[in-house]
Structure formats: C-alpha cells, structure tokens
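Working notes, structure below.
The values are calculated or read from the model by the stated rules, or taken from the named source; none is laboratory data. It should be emphasised that the depicted structure is a prediction, and the values quoted were computed from it without experimental measurement. When we count neighbours, we look across all protein chains shown, and the Cβ atoms used for this are built from the backbone with ideal geometry, even at glycine.
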C-alpha cells in the first residue's frame, strides 16, 4: 500500500466522475426531503403551510429540480427520488 507524503495510507482513491456527482445529488435530495418537517417549521412559512404543506413541498421540489439540473444527468434526480 502506498503512503501519502503526510504518512497516511491511501486505501482507495479513484477519480471523481459524473456517477459520483449523481450519487451525491440523490443523497442530497433524499436528505432534504426526509427532513421536510424541519423545513416547514419556521413561523414565516406558516401562512403557506395549508393542505398539509403541499405548497411548500411543491416549491421545495421545484428548487431541488433547478439545483440538480445544473449538473450533467441531474435533470431527473428529484423525480427518481420522489417516485422511488
């Protein structure tokens, strides 16, 4: 096993690819959607939290779609996570 200049072992390194980016996007979307209760909590959002927070959820998904669209292959990540 090779050691880095700082003496630590380099167990496994591979170049960053678009597959890694997509995995990170999926994880980010999943994490955000899994924590919607915390996102809905601020008093400033109470006025738009009618219908079980559907308006907030739709806006949140729209924002996540725009975020993911900025990365190659990221266009369908939100729908994949929501539908999966």
- prompt: Do you know which of the residues in region 38-63 that are more than 20 Å from the chain's Cα centre (by Cα) and surrounded by 13 or more Cβ atoms within 10 Å (Cβ to Cβ) is modelled with the lowest pLDDT?
  reply: 49
Region 26-37, residues that are exposed (fewer than 11 other Cβ atoms within 10 Å of the Cβ) and over 12 Å from the mean Cα position of the chain (by Cα): 37
